[in-house]
1. Would you tally the residues in region 126-147 being within 23 Å of residue 89 (Cβ to Cβ) and surrounded by 15 or more Cβ atoms within 10 Å (Cβ to Cβ)?
2. If residue 54 passes every condition in (1) within 18 Å of residue 30 (Cα to Cα); (2) at pLDDT 95 or above; (3) not in a helix (DSSP H, G or I) but one, which one does it miss?
3. Can you tell me which residue among 2, 33 is surrounded by 11 or more Cβ atoms within 10 Å (Cβ to Cβ) and either more than 23 Å from residue 132 (Cβ to Cβ) or modelled with pLDDT of 95 or more (or both)?
4. Restricting attention to region 65-83, report how many residues are assigned to a helix (DSSP H, G or I) and in contact with a helix residue (DSSP H, G or I) (Cβ under 8 Å, 6 or more places away or on another chain).
5. Residue 116 is checked against (1) surrounded by fewer than 19 Cβ atoms within 10 Å (Cβ to Cβ); (2) part of a helix (DSSP H, G or I) and fails just one. What number does that condition carry?
6. Failed condition for residue 37, given (1) assigned to a helix (DSSP H, G or I); (2) free of Cβ contacts under 8 Å to residues at least 12 places away in the same chain; (3) in contact with a helix residue (DSSP H, G or I) (Cβ under 8 Å, 6 or more places away or on another chain), with all others met?
7. Being exposed (fewer than 15 other Cβ atoms within 10 Å of the Cβ), at pLDDT below 95 and more than 15 Å from the chain's Cα centre (by Cα): is that true of residue 153 here?
């Protein structure tokens, strides 16, 4: 498993720096999404699944790649003393629209266990501010996430039906 994680993290020789940058961006997004799941000090399986879905959809990853990225993100989260390097990576690489989608995914993670904790909401607000996301976009992302996570008649959330 460790070898597979190293392979995911190691750029191919012909791709060089672009793969390394892409990996850092993916890792940064994964760490920030996990930060929301951990914000209430109670990591639920539904939240972890929501993080995995968000990463898979956003970066076109298969289940194995998502698992490896989540492993790397958990290790980075345990080792890091600050979110600043991850926020800096997102600020460098993401457009305003991509930042808004990331914040929407954070809301979806927070809402995935059907309980929006004040610590989750506070952390999303702080991250949105540090990503220089205008408040109107922050609210728009929240409203879209709430609409998608609302249960439907069949018992599934609208968010389970894809983007």
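1. Looking only at that region, the number is 9.
2. Every condition holds for residue 54 apart from (3).
3. None of the others qualify; the one that does is 33.
4. 12
5. Evaluating residue 116 over (1) surrounded by fewer than 19 Cβ atoms within 10 Å (Cβ to Cβ); (2) part of a helix (DSSP H, G or I) leaves (2) as the failure.
6. (2)
7. Yes: the conditions hold for residue 153.
The values are calculated or read from the model by the stated rules, or taken from the named source; none is laboratory data. These numbers come from a predicted model, not from an experiment. Positions of Cβ are backbone-derived with ideal geometry, glycine not excepted, and every protein chain shown enters the neighbour counts.
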